[in-house]
Amino acid sequence: RQNQNRSLILVRGQSGSGKSVLVEQALKGPNGSDHKSLFCAGKFELQNSDLPYAGILSALRQLCGQLGALPRRKDIDSNSSNSTFLTFEECQETLRSKLTWEVEALSEFLPEIQDIIRDADADKTAEAEEAYLPGNTTFLGKEASDRLSFAFRRFMNVLTNMLSSGVICMFCDDIQWSDPPSLSLLKNWATDPQNKGLLLVCAYRNNMVEQLQQQEQHPVKAMIQDVQSSSSNVRPHLLDVHLQDLQEEHVNEMLSDCMGMMEEDMDKTKELTHVIYTKTMGNAFFVTRYVISLVKKHLLQFHPALLKWTWEISEIQRRTAAASNVVQLMNEHLRESAVASTILPIAACIGATFSLSNVETVMNGIQQQQDGQTSSSSSSSSIGKLAMDHAAFFAQILGPDVTKGFPLNLLGQCEKEGLLESFADGQAFAFVHDKVQEASLALIPYDMIDEFKFRVSYILMTRLDPKERDEHMFDIVNGLNSRLDLLPTGQDSILCCKLAQKAGEKAQLAGSFVLSATYFKLTIRLLPEDHWETSLESSVILYAQAAASELSLGNFHQMRLYCNEILSQEDCPMSQKAIAYNAMIDCYLIEEVDQKIVIGLAFEALSMFGIVLEKKGLAQATGKALAKLKDDPRKTPEALSTLPMTTDSTEEACVKIVLKKVLVCLICGTTEYIPLLIIEATDRMVEKGQSKLSSAVFALMGFLVTNVLGDAEQGRSHAINARKHLELHEVDEVKAVVNWFNEVTTMHWTEPIQTTHKHLFEGYKAGLSNGDLTWAMWNIHFYVEYAFFSGTNLDLLQNDITMYSIQMVDYSA
């Protein structure tokens, strides 16, 4: 920390080599009582490898818990050495002052942050909460994921700088199963110069990451190479730790030590060690499990009379001959354990970690159906598509004991057998290793596992309360999707449809577009046939969400199918069709199709609002319109600012299409259309009135009057109208583009550069808060340029240039 460095430690080795234990034992030390350093850990899971930010969120929840447990200011004696502690109040004040929109963005995935931001000791009115907990706003596609990614980055910036003399150590385990957004975030955290005092530790299975065919590259390997090849001013200190399996002599040392033997007696265990090593190949986890299995089978036992451990090699070889390795032995152990074989397959379908209450819900659901009861959310006919009821199905696989309810000690017994570990005061459990979870799933016949997962998820969906159901939406929807053909029609289908759309929205916010596209496709599949007639607005939103996910994946054909479905609805209002047009234009720009097609589509969108631009005679039409504008009293700054407001959403949609057309003109090099486009948009505002987004039209008028008509003073008045309109209506949606046009094209002619400088930074922050990274980065580009000309310290400016350059590369802006 004294060198203000970031460090990335990579711990690699095969499954069971001891990576997790090594890191946790070595690094938990900083989490002491001085509250200057914090340690948190999260694990990615094979069964949930596509869930967004799963391992990172687990670690951040731990971190938030530690921040919430910081000592209160009133409890610290100012005369004691404890006065140097970081207090909860200091943490809370820092987060409140440094984070604004980021809190709302993070709360969707990390609600624990609100426990720190909110003051639990005081009654808060709704107005006070809104001051630092903004309301939800809908974002689509890449703009949503970029917004969340930047919020995570800012959160870590604030935390690492808050611990001025300590470090934050985050351990992410099994990153070979992490989702793409998580890997991207880990890379960004590791290479962000603002994260002073951050220690990232990432463990992965090198045999999975490094042994792909040459033409393929594992995402983890690509991430590591990106960090290694980053420039020296952002590259973290790197340490690579390779854990290999134990050699036979090491196993013998460990075994003899566990048996309390003297060093000179180590030869006595060599024959036993050889048997163990042959079965385990020196894998630390497997060695432990194998020795435990020998003890359980009484093949290795302590002799009280002789005060030593005894064994018979021939008996061990005979009794374990059927299993060629420890995985098979573990499967045998689970099958032999009535408790484990009954409960663990159900727990394994829920996840590598699971709550006591969820397992109890499933078990009780099976029992209650056996007793003829049904959940309140489903009728007795709900399982009409299933060949047999839940009780008969699970009993067929797990035995009759599964229908007898859920004794609370079942999971505790599994913990005693070394298969599970408990936490949260015994209310939650985790498999001690993914191999145990894998072996538990292997107890289910292969041809029945999909239906098994479906039934577990179905019981959870119909029996959990709405809050708990939402917390587990990914697991539930994934399980249901494994055999969707078994889903009953009616209320259960509607419930699954709503849950799938929620899961799609959350996955899209996180940037897990493969997942979100799958969920939205599932939602559309479950919609009633008459959904366009009965639920037009919600259908448009769903199809737009699906289109945004497909666009982010580069599936342009599917994206256009979704958009064309929206545009083909005759009764669809213009404000809704504008969503599809904007998405289609983005698609064509990314796809880099013929510019004529992009321009033509933008013209088509504008024509909905009565704005018609023809290439033929464009110069003449523009000249006439500009001449008329000079003498038109309706379009002076004063007249435009007094236009009445309209609440018609069509006018907001019109402004969005106009801004999209301006962007198309700038990208495609057809700027000759822009003057007439601005005048036509202003004519419509005069006719229809101002909307909440009209500040963009004021800013465009300022640009036109200043740079085309040459009237800097009147252009400045239009720009001032744009500023006032933004402040009055508190709409940040167009603030980035408004501030860029104002400060880069208009105000700099009449205002000191120091004034325009600050507005550009505000535009940058507004663009980030709304996911509008294109205009955010244009703002920050000119902010840095103006900072140079205004005499900013060059060392500070160099740091800014480095930081913002990284952002531009990371977000491809």
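The values are calculated or read from the model by the stated rules, or taken from the named source; none is laboratory data. Just so it is clear, the structure is predicted and the values come from calculations on it, not from any experiment. Positions of Cβ are generated from backbone atoms using ideal geometry, with glycine treated the same way; all protein chains shown enter the neighbour counts. Side chains included, ligands, DNA and RNA excluded: accessible areas come from the protein's heavy atoms. Shrake-Rupley method; radii C 1.70, N 1.55, O 1.52, S 1.80 Å.
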Qualifying residue in the range 179-189 (condition: surrounded by 24 or more Cβ atoms within 10 Å (Cβ to Cβ), over 22 Å from Asn233 (Cα atoms), modelled with pLDDT of 80 or more and among the charged types (D, E, K, R)): yes
Hits in the range 668-694 - residues which are of a type in the set (Ser, Thr, Tyr) and either at positive phi or surrounded by fewer than 20 Cβ atoms within 10 Å (Cβ to Cβ) (or both): Thr670, Thr671
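Which residue is farthest from Gly399 (Cα to Cα), if the candidates are limited to the range 440-467 and must be open to solvent by 30 Å² or more (accessible area, probe 1.4 Å) and in contact with a helix residue (DSSP H, G or I) (Cβ under 8 Å, 6 or more places away or on another chain)?
Arg463
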Residue selected from the range 754-791 under the condition outside any helix (DSSP H, G or I) and touching a helix residue (DSSP H, G or I) at 6+ places or on another chain (Cβ under 8 Å), by the criterion farthest from Lys142 (Cα to Cα): Ser790
Only listed residue being on the phi > 0 side of the Ramachandran plot and either in contact with a strand residue (DSSP E or B) (Cβ under 8 Å, 6 or more places away or on another chain) or open to solvent by 20 Å² or more (accessible area, probe 1.4 Å) (or both), chosen from Ala424, Ala430: Ala424
Criterion (assigned to a helix (DSSP H, G or I), free of Cβ contacts under 8 Å to residues at least 40 places away in the same chain, farther than 24 Å from Asp146 by Cα and acidic (Asp, Glu)) met by exactly one of Glu537, Glu529: Glu537
Failed criterion for Glu652 (all others in (1) within 39 Å of the chain's Cα centre (by Cα); (2) open to solvent by less than 20 Å² (accessible area, probe 1.4 Å); (3) in contact (Cβ under 8 Å) with a residue 60 or more places away in the chain hold): (2)
Subset tally (residues that are open to solvent by less than 50 Å² (accessible area, probe 1.4 Å) and under 51 Å from the mean Cα position of the chain (by Cα)) for the range 262-272: 2
Residue among Gln413, Gln437 that alone is open to solvent by 50 Å² or more (accessible area, probe 1.4 Å) and either at pLDDT 85 or above or of a type in the set (Val, Ile, Thr) (or both): Gln413
Residue match in the range 293-309 (condition: open to solvent by less than 20 Å² (accessible area, probe 1.4 Å) and within 20 Å of Leu243 (Cβ to Cβ)): no
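Residue-by-condition table, conditions (1) open to solvent by less than 10 Å² (accessible area, probe 1.4 Å); (2) assigned to a loop (DSSP other than H, G, I, E, B); (3) among the charged types (D, E, K, R); (4) over 24 Å from Asp50 (Cα atoms):
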| residue | (1), (2), (3), (4) |
| --- | --- |
| Ser516 | yes, no, no, no |
| Lys521 | no, no, yes, no |
| Glu533 | no, no, yes, yes |
| Leu542 | yes, no, no, no |
| Leu551 | no, no, no, no |
| Glu565 | no, no, yes, yes |
| Lys577 | no, no, yes, yes |
| Ala580 | yes, no, no, yes |
Number of the condition not met by Asp401 [criteria: (1) of a type outside the set (Phe, Trp, Tyr); (2) at pLDDT below 90; (3) within 18 Å of Ala348 (Cβ to Cβ); (4) open to solvent by less than 30 Å² (accessible area, probe 1.4 Å)]: (4)
Answer from Ile476, Ile494 - the residue that is crowded, with 19+ Cβ neighbours inside 10 Å, touching a helix residue (DSSP H, G or I) at 6+ places or on another chain (Cβ under 9 Å) and not in a loop (DSSP other than H, G, I, E, B): Ile476
Residue check, Gln569 more than 25 Å from the chain's Cα centre (by Cα), within 22 Å of Cys497 (Cβ to Cβ) and assigned to a loop (DSSP other than H, G, I, E, B): yes
Residues being open to solvent by 10 Å² or more (accessible area, probe 1.4 Å) and in a helix (DSSP H, G or I) - total across the range 351-367: 6
The listed residue being surrounded by 15 or more Cβ atoms within 10 Å (Cβ to Cβ), of a type in the set (A, V, I, L, M) and under 47 Å from the mean Cα position of the chain (by Cα), out of Leu640, Leu629: Leu640
Candidates Val731, Val697 - the one that is within 30 Å of Ala619 (Cβ to Cβ) and open to solvent by less than 30 Å² (accessible area, probe 1.4 Å): Val697
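A quick yes/no check of all residues on (1) closer than 21 Å to Leu553 by Cβ; (2) acidic (Asp, Glu):
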{"position": "Met170", "(1), (2)": "no, no"}
{"position": "Asn195", "(1), (2)": "no, no"}
{"position": "Cys202", "(1), (2)": "no, no"}
{"position": "Asn206", "(1), (2)": "no, no"}
{"position": "Ala222", "(1), (2)": "yes, no"}
{"position": "Asp240", "(1), (2)": "no, yes"}
Boolean, Ala776 is small (Gly, Ala, Ser) and open to solvent by less than 20 Å² (accessible area, probe 1.4 Å): yes
Single condition Met259 does not satisfy, out of (1) farther than 17 Å from Trp311 by Cα; (2) touching a strand residue (DSSP E or B) at 6+ places or on another chain (Cβ under 7 Å); (3) surrounded by 12 or more Cβ atoms within 10 Å (Cβ to Cβ): (1)
Positions within the range 670-698 being among the aliphatic types (A, V, I, L, M) and over 16 Å from Ile657 (Cβ atoms), in sequence order: Val686
Close pairs (8 angstrom Cβ cut-off, 6 or more residues apart or separate chains): closer than 11 Å to Leu411 by Cα in the range 336-358, open to solvent by less than 20 Å² (accessible area, probe 1.4 Å) and of a type in the set (Ser, Thr, Tyr) anywhere: Ala340/Ser440; Leu344/Ser440; Ala347/Ser440
The listed residue being touching a residue at least 24 places away in the same chain (Cβ under 8 Å), over 19 Å from Gly771 (Cβ atoms) and surrounded by 20 or more Cβ atoms within 10 Å (Cβ to Cβ), out of Leu606, Leu618: Leu606
Residue count, the range 390-412 (criterion: more than 35 Å from the chain's Cα centre (by Cα) and part of a helix (DSSP H, G or I)): 12
Unmet criterion (only one of (1) at pLDDT below 90; (2) open to solvent by 40 Å² or more (accessible area, probe 1.4 Å)) for Thr280: (2)
Looking only at the range 189-208, and only at residues there that are among the polar types (S, T, N, Q) and in contact with a Ser or Thr (Cβ under 7 Å, 6 or more places away or on another chain), the one that is farthest from Ser164 (Cα to Cα): Thr191
Spans of helices (runs of 4 or more DSSP H) in the range 195-306 with at least 3 residues free of Cβ contacts under 8 Å to residues at least 24 places away in the same chain, closer than 24 Å to Val21 by Cβ and not hydrophobic (A, V, I, L, M, F, W, C): 248-258
